[in-house]
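Notes to accompany the following structure.
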Amino acid sequence: NLSVTEMEAEVRRIKDKLGDRLFMPGHHYQKDEVIQFADAAGDSLQLAQLAEQNKAAEYIVFCGVHFMAETADMLTEDRQTVVLPDMRAGCSMADMANINQTEQCWDILQGMFGNTMIPLTYVNSTAAIKAFVGKHGGATVTSSNAKKMVKWAFKQKERLLFLPDQHLGRNTAYDLGVPLEEMAVWNQQTNKLEYEGNLDDIRVILWKGHCSVHENFTTKNVDDLRAKDPERKILVHPECSWEVVQASDYAGSTKYIIDMINQAETGSKWAIGTEMNLVKRLIDKNPDKDIVSLNPFMCPCLTMNRIDLPHLLWTLESIESGEIVNQIKVDQETTELSKQALQKMLAHA
Ligand code: 13P
Ligand code: SF4
């Protein structure tokens, strides 16, 4: 029953004691009470790169969600231990694509399109999905390199299957000039391809998944804001729907959003469509700018928020005592295949 101040002091003490033996990366969506202790804050691409580069730390306490910790484990060496402070910190989007459904989908699509497809998966997916993608010659993407990777995929094959976020897939392909009529949605509940127009013209097949945080930003939010405050610029993450992205002024990854706001003019007015902890931090760090959330009911990512100060301290204490809790360990075969997909992305990033 420690107070917040006592817990913070304990975290500092253990961090100081472990020194370089410990590395704590934190995603930008983490709470202030956690991110204040992160050795590096970043978006999912930056954190994947940092995990790959860090050869020194024995322990990596990953302040983010489960798929990020899995990625860190796969990109680090066997002697490095990756720990997630709360095992319940999953991702509803990653959970929308399971491996059995994906294999079934691939078999059916192969029957329809033959060997003309390559799979891509957003890093917001389980290690099993990344391994599937690696096995079939595909790559992972993040929101900051999705365009590059979709272009790369089209150099390999005529068609791509994009998992698990239909919105990032649709927004990215549309930006690259693929019209909506050439995109289809794979419905994993019915095992059917949903499309309008001609099947032979389909070039992008989108998995029917989405982010439960970013789906809370709607065209109604955009319309309300435009009516009330037409000067305010709207900046959203590409996990928002195509309609919302089209209605906004700017769309881009977490890093893009942060850079845009940091570089914005004093006095400029912004509405941001992304996760609440990040929006709040941007508001706090930019008092000279007028920033609001695009959805007035700020949208938190409940699973990111599961990582809190008590869980962080509990994990660090377990490392100090030698009885480590919540280790994330991906098996060898999954790791090898996933790494093929991850490394294609890291080579292009
Ligand atoms: P990025 O960090 O790639 O922008 O992804 C956002 C996100 O939803 C992470 O879970
Ligand atoms: Fe998953 Fe969305 Fe939360 Fe990111 S913000 S961890 S995609 S549910």
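Taken together, the values in this text are just the output of simple stated rules run on the coordinates, not laboratory data. Since the model is a prediction, treat every value here as computed from it, not as a measurement. Note: ideal-geometry Cβ built from the backbone for every residue, glycine included; neighbour counts use all protein chains shown.
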Mean-position separation - Cα centroids, the stretch 239-262 and the stretch 121-156, in angstrom: 21
Straight-line reach from Lys151: which lysines have a Cα under 17 Å away, not including same-chain ones fewer than 8 places off? Lys344
So what is the relative contact order of the chain, in percent, for Cα pairs below 8 Å that sit 6 or more residues apart? 22
Which percent, nearest 5, of DSSP beta bridges in the chain are antiparallel? 10
Order of Met68, Met304 under a 10 Å beta carbon neighbour criterion, fewest first: Met304, Met68
Ranked from fewest to most other Cβ atoms within 10 Å of their own Cβ, Thr266, Thr172 fall in the order Thr266, Thr172
What is the order of Ile291, Ile283, fewest Cβ neighbours within 10 Å to most? Ile283, Ile291
Relative to a virtual label point 7 Å from the Cα of Thr116 in the Cα→beta-carbon direction, which members of the stretch 167-186 show backbone nitrogen distances below 19 Å? 173-174, 177-186
Which value at 222 nm does the chain reach when only helices count, each DSSP H run of 4 or more adding -39,500 (n - 2.57), with the total divided by all residues and rounded to the nearest 500 deg cm²/dmol? -13000 deg cm²/dmol
If the cut-off is 25 Å between C-alpha atoms, which lysines fall inside it for Lys220, apart from same-chain ones fewer than 8 positions away? Lys208, Lys228, Lys233, Lys269, Lys280, Lys289
At a threshold of 8 angstrom on Cα-Cα distance, excluding pairs fewer than six apart, so keeping six or more, what relative contact order does the stretch 92-186 reach in percent? 31
Could you tell me the distance between the Cα centroids of the stretch 317-349 and the stretch 40-88, to the nearest Å? 7
With the crude spin-label approximation of a point 7 Å out along Cα→Cβ, what separation in nm comes out for Lys269 versus Ser3? 4.3
Hey, if you put +1 on the Cβ of every Lys and Arg and -1 on every Asp and Glu Cβ in the chain, which of Phe62, Ser318, Phe162 ends up farthest toward the positive end of that dipole? Phe162
Based on Cβ point charges of +1 for Lys and Arg and -1 for Asp and Glu, what charge dipole magnitude is obtained for the stretch 214-293 about its Cα centre, in debye rounded to the nearest 20? 160
